[in-house]
Amino acid sequence: TTAAPSPTSRYFTLNFTLTNLQYTADLDAPSSHKFISTMKVINHYIDPLFKSSSISSAYTGCKVMRFRSGRNRDDTGVDAVCSYRNNVSLARFDREKVYHELSTMTNGVTKLGHYSLEKNSLHVNG
């Protein structure tokens, strides 16, 4: 007999723009205090969203990979990689479903904790 294959991790990207976080050069340096503290705050807001979404049973976390300058001086783009276990409880990763859930949970892509989101900036896996 062969053992059942262990669930493997799958990844997807999460991108959005914060309109009330001014982009500064220290957000470009992953070792800077500003990068680390901002990443922790964003993860603090993102995690509960996924933990109450349709992928909650398989969700294993998100990691902010970089911040980037937004279109306006006060905007900061966020690029994160999120992971989930590819297991039976999640029939398949449905990025549109996850996008709609996140959209609803962020007041129509306008709020993430104390941050304001740019309305059309949320992208799940793309």
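The values are calculated or read from the model by the stated rules, or taken from the named source; none is laboratory data. Please read all numbers here as calculations on a predicted model, not as lab measurements.
Yes/no matrix, rows are residues, columns are (1) over 14 Å from Phe16 (Cα atoms); (2) not β-branched (Val, Ile, Thr):
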{"position": "Thr60", "(1), (2)": "yes, no"}
{"position": "Arg66", "(1), (2)": "no, yes"}
{"position": "Asn87", "(1), (2)": "yes, yes"}
{"position": "Asp94", "(1), (2)": "yes, yes"}
{"position": "Lys97", "(1), (2)": "yes, yes"}
{"position": "Leu102", "(1), (2)": "no, yes"}
{"position": "Leu117", "(1), (2)": "no, yes"}
{"position": "Asn125", "(1), (2)": "no, yes"}
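This table checks each residue for (1) at pLDDT below 95; (2) within 19 Å of Asn125 (Cα to Cα).
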site: Thr17; (1), (2): no, yes
site: Lys34; (1), (2): no, no
site: Ile42; (1), (2): no, yes
site: Asp47; (1), (2): no, yes
site: Leu90; (1), (2): yes, yes
site: Arg95; (1), (2): yes, yes
site: Ser103; (1), (2): no, yes
